[in-house]
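Notes follow the structure.
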Amino acid sequence: MSIYDIKKEDLQEKYKYLLKYFCYVNSDKLCNELSYNKSGCCINCKHIIRNEMFDLLEQYNTNERIIFNNIKNLLDIHNNIPNKEYKTKNVINIFEIIYYNMFFIIIHPKFLITITHKITEIIGLEKIFVMNFINKINYKKHIFKYMCDMYDFINNYKKNNIIDQNMSKENIKLYLDSYIKFIENHYNINYYKNTIYNDNIDNIDNIDIDINNIDNIDIIIEL
């Protein structure tokens, strides 16, 4: 049995408790905020709630198509961005959506594998350029921190495991369980409002960077 045998509904049920970290009560747009009190609603959207017993999974399902379209739109424009720094900014914007909508890639494990490989490429080969660009314009440093933290988690996991699209159903479940532990630790929410991320780059070679291929990310999802 493979990754293709995993049912989205089963993953939604198993991991729906994670939705308390995010906010989907606004059905018109993605608010892209965390739920700092872990209630499933961010501070800015409290006025929308009319029933305190709202269903988190139902609210997420209402927003899933918006998440998909937002990621797809950023990928579609990537090839038309002529400047390398603006391409980098677009990459950060893509991962910002992922950061605030982590449940989306958990319940679509094929996309999670794709993101896993993309993080390995960007942070493994392009970290210095991305970091310097973000520091220069003071842009979304908490998203870069998330990407670096995810890269460290993936590297540690890969010491004893293979991560690819051919993983068995059992192995992808093990990967998801490990990934969830990383998420629960990472989204210990309080300090993310004003995170400033500094990195020690003394022992890293400066690498010329090309992020042109991020548009090849294939969102293989049946919505």
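Every read-out reported here was derived from the displayed coordinates using simple, explicitly stated rules and does not represent laboratory data. On a predicted model such as this, the values are computed, not experimentally measured, just so you know. Cβ sites come from the backbone with ideal geometry, for glycine too, and all protein chains shown count toward neighbours.
About the centre of its Cα atoms, the stretch 46-85 shows a dipole size close to 140 debye [charges on the beta carbon of Lys, Arg (+1) and Asp, Glu (-1) only; nearest 20 debye]. For the stretch 67-83 versus the stretch 107-156, the spacing of their alpha-carbon centroids is 17 Å. Modelled this way, with points 7 Å down the Cα-to-C-beta line, the labels at Ser27 and Ser39 are 2.0 nm from one another.
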